[in-house]
Each structure stands twice: as C-alpha cells, then as structure tokens.
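The values are calculated or read from the model by the stated rules, or taken from the named source; none is laboratory data. Since the structure is predicted, the reported quantities are computational estimates derived from the model, not experimental observations. Virtual Cβ from ideal backbone geometry, glycine too; neighbours counted across all protein chains shown. To get the accessible areas, we keep the full protein, side chains included, count just its heavy atoms, and leave off ligands, DNA and RNA. Shrake-Rupley method; radii C 1.70, N 1.55, O 1.52, S 1.80 Å.
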Amino acid sequence: SIVATMLITALSLARERELGTFEQLLVTPLRPTEILIGKTVPGLVVGFVEANLILIVAVAWFGVPFVGQLALMHLALLLFLLSAIGIGLAISAVAQTQQQAILGVFLFLAPAIVLSGFATPIANMPQWCQWLTLINPIRYMLVLSRGLFLRDLAFADAWPELWPMTVIGLVTMAFATWL
C-alpha cells in the first residue's frame with residue numbers, strides 16, 4: 001500500500017506544477033496546511049482501503065491468524081500512511097515534473113524496502129545501514145504488523161514503533177509544507 005500511497009501524493013503536486021494549476025491553487029484563500037490536507041486525504045483513503053483489503057485477504061483467504069487488536073492495527077496504519085504521504089509530498093515538492101516524482105518515489109522505495117528488515121535482519125546490517133533504518137517507516141510497520149498478526153501486541157509494546165512513524169510523518173509533512 002505504500003507504493004500506491006506515495007505515488008498518488010507525489011504525482012499530485014508534480015502534475016499540478018506541470019499543468020500550471022498549482023500557482024492558481026496558491027492564490028486561492030486556502031492556507032498551505034489546508035492544501036496539504038487536501039493532498040493528504042486521497043492517499044490516506046486509498047492506503048486504508050488497500051491495507052484493509054490486504055488484511056481481509058490475508059486472514060480469510062490465506063488463513064493467517066490475526067490475534068492483535070484491530071484498533072491498534074488501524075492506528076499503526078494511520079501513522080504509517082501519514083509518514084508515507086509526508087515522504088511522497090516532500091518528493092513531489094522537490095520534483096518539477098511527474099517523471100521526476102515517479103523516479104523520486106522509486107529511488108526512495110528501493111532502498112527503503114531493502115533496509116526495512118524484510119529480507120535481511122537489521123541486526124545483521126552494517127552499523128551505518130542500521131542508522132539509516134531509523135528514518136524508514138517500513139521498518140516500524142513490519143514490526144507492528146508481525147506483532148499484531150502473530151501475537152497480541154499491547155499498546156505499550158507497540159509505542160516504541162509508533163512514535164518514530166509519528167515523528168517521520170510530522171517532519172516530512174512540515175518539510176513538504178515549507179517547500
């Protein structure tokens with residue numbers, strides 16, 4: 001769901017900048033935060049629908065047990081999607097064209113997936129790679145989803161994974177607004 005979410009948000013600003021409609025948007029009475037909310041909501045909706053569909057298919061079709069709290073999973077999804085949207089908007093704010101935005105998303109995603117701990121444990125990575133994983137929201141969502149699917153992860157145990165995604169989301173959204 002991160003790919004679709006980041007692409008939707010990254011392409012939205014880049015497309016408007018290419019078409020010249022972003023300048024028209026800036027002269028409206030909307031404040032930058034209101035514009036940011038308008039660019040965030042579609043990605044958030046698509047990400048939530050896609051993630052919930054994946055959750056339903058995993059449990060119903062593949063029989064993967066989900067023993068955690070659904071509310072905690074949705075909180076984790078919200079923070080994860082907001083951090084992904086923030087990164088997508090920051091990429092879009094830097095990109096001048098849609099092609100640059102697409103390339104920027106994939107230049108972020110390729111190393112982010114490799115550095116998430118999905119295929120290689122983070123503890124087995126070189127120290128400098130381990131430091132890079134700290135700014136990767138995929139890392140935290142993997143830990144949360146494993147904990148919620150396979151064991152009943154409590155909020156207190158989830159908090160060390162939730163707050164970094166919150167910080168990543170706030171910093172990238174603020175950066176995108178500033179740009």
(request) Among the candidates 95, 101, single out the residue that is surrounded by 20 or more Cβ atoms within 10 Å (Cβ to Cβ), aliphatic (A, V, I, L, M), touching a residue at least 12 places away in the same chain (Cβ under 8 Å) and under 19 Å from residue 32 (Cα atoms). (result) 95
(message) I'm trying to understand the selection: among the residues of the range 91-128, which are over 19 Å from residue 168 (Cβ atoms) and touching a Lys or Arg at 6+ places or on another chain (Cβ under 6 Å)?
(response) 98
(message) I'd like the full set of residues that are open to solvent by less than 50 Å² (accessible area, probe 1.4 Å), among the small types (Gly, Ala, Ser) and farther than 23 Å from residue 1 by Cβ, limited to the range 121-164.
(response) 154
(request) Search the range 139-161 for residues that are within 13 Å of residue 69 (Cβ to Cβ) and pair each with any residue that is surrounded by fewer than 12 Cβ atoms within 10 Å (Cβ to Cβ) and among the aliphatic types (A, V, I, L, M) when their beta-carbon atoms are under 6 Å apart and the residues are at least 6 apart or on different chains. (result) 152/67
(request) Scan the range 83-92 and give yes if some residue there is among the hydrophobic types (A, V, I, L, M, F, W, C) and touching a Pro at 6+ places or on another chain (Cβ under 7 Å), otherwise no. (result) yes
(message) Criterion first (free of Cβ contacts under 8 Å to residues at least 60 places away in the same chain, under 20 Å from residue 142 (Cβ atoms), surrounded by fewer than 16 Cβ atoms within 10 Å (Cβ to Cβ) and small (Gly, Ala, Ser)) does residue 71 satisfy it?
(response) yes
